[in-house]
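Nothing in this text is a laboratory measurement; each read-out follows from the coordinates by a stated rule. All of these numbers come straight from a predicted model, not from anything done at the bench. Every residue, glycine as well, gets a Cβ built from its backbone with ideal geometry; the counts of neighbours run over all protein chains shown.
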Amino acid sequence: MSKLEFDEETHTYRVDGCVYPGVTTIIKPLYSLDGPSESVLEYARGRGQAVHRAAEIYNKGEQFAGPLDPVVQPYFDAWLKFLKEKRVTITSAEQRLHHPTMKYAGTWDATATMEDSGTDDWTLDIKAIAKLHASVGVQLSAYQKLREANGRIASGVRCRRAAVQLKPDGNYLFQEYSNHSDWPTFVSCLTVHNFRVNNHVGEENAK
């Protein structure tokens with residue numbers, strides 16, 4: 001069985017020693033079309049990582065080492081509010097998988113069920129950003145396909161995908177994504193990414 005490894009420092013996935021591109025790397029070209037600028041992303045990245053880490057610790061039932069940073073606390077409060085109001089049961093947290101045939105990998109924040117959606121299975125991603133963009137749906141479609149390819153969705157269960165936008169005032173926005181073009185868009189991004197890597201496109205600009 002192939003072994004997936006992840007280097008946290010470089011955010012690099014490897015399967016049996018071979019580098020697999022991550023979902024966020026693959027869809028990066030969409031950011032300039034749909035999402036925030038790279039400078040805005042960089043500014044929010046540190047805060048977002050801290051918010052994700054706090055949610056991960058809670059979702060896994062682990063204990064916090066100390067009080068949360070005051071900047072992080074309202075975002076975490078928003079996550080708790082979402083869990084309570086939507087009556088969410090987290091079934092897994094921070095899953096990391098690779099696609100055996102399409103050769104990409106990714107990590108998403110949680111899978112869950114909600115009382116008001118019956119037995120539906122949800123693939124969730126936490127966003128501590130000012131605005132949700134259409135590219136989030138593309139990202140979530142890639143995570144859902146990872147689950148399907150690895151048999152992580154029970155037979156006969158409807159799988160849905162959504163982002164939970166956490167806000168600095170302690171509130172949240174729950175956004176479901178169901179556009180059927182999301183997956184073909186991701187496949188197109190993956191094709192372009194592989195073309196660039198295989199043909200060393202852009203390397204001359206990095207020197």
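Determine, for each peptide in 169-182, 133-146, the mean count of other beta carbons within 10 angstrom over its residues, then list the peptides with the highest first. Present the calculation step by step, with values, prior to reporting the outcome.
Details: 169-182: 14.1, 133-146: 22.6.
In descending order of packing, they fall as 133-146, 169-182.
Relative intensity of the range 4-206 on a log10 scale, I(q)/I(0) at q = 0.11, 0.14, 0.15, 0.17 Å⁻¹, equals -0.53, -0.88, -1.01, -1.30, per a Debye sum over C-alpha point scatterers of equal strength in the absence of solvent. Measure nothing but the geometry: give the 0 to 90° angle between the long axis through the Cα atoms of 38-59 and the longest principal axis through the Cα atoms of the chain, rounded to 10°. Between the helix axis and the principal axis of the chain, the angle is about 50 degrees. Phi-derived couplings, Karplus 6.51 cos²θ - 1.76 cosθ + 1.60 at θ = phi - 60°, listed residue by residue for the range 189-196: 4, 5, 4, 5, 4, 5, 4, 5 Hz, with x used for Gly and Pro. Note: relative contact order over the chain, using C-alpha pairs below 8 Å and six or more positions apart, is 20 percent.
Ordering T107, F195, F82 by the projection of their Cα atoms onto the charge dipole of the chain, which places +1 on the Cβ of Lys and Arg and -1 on the Cβ of Asp and Glu, puts F195 at the extreme positive end. Taking the C-alpha atoms only, the angle from helix 135-149 to the longest principal axis of the chain is near 80 degrees.
What the Cβ-Cβ distance of D169 and M102 gives, at R0 = 45 Å and to the nearest 0.05, is a FRET efficiency of 0.70.
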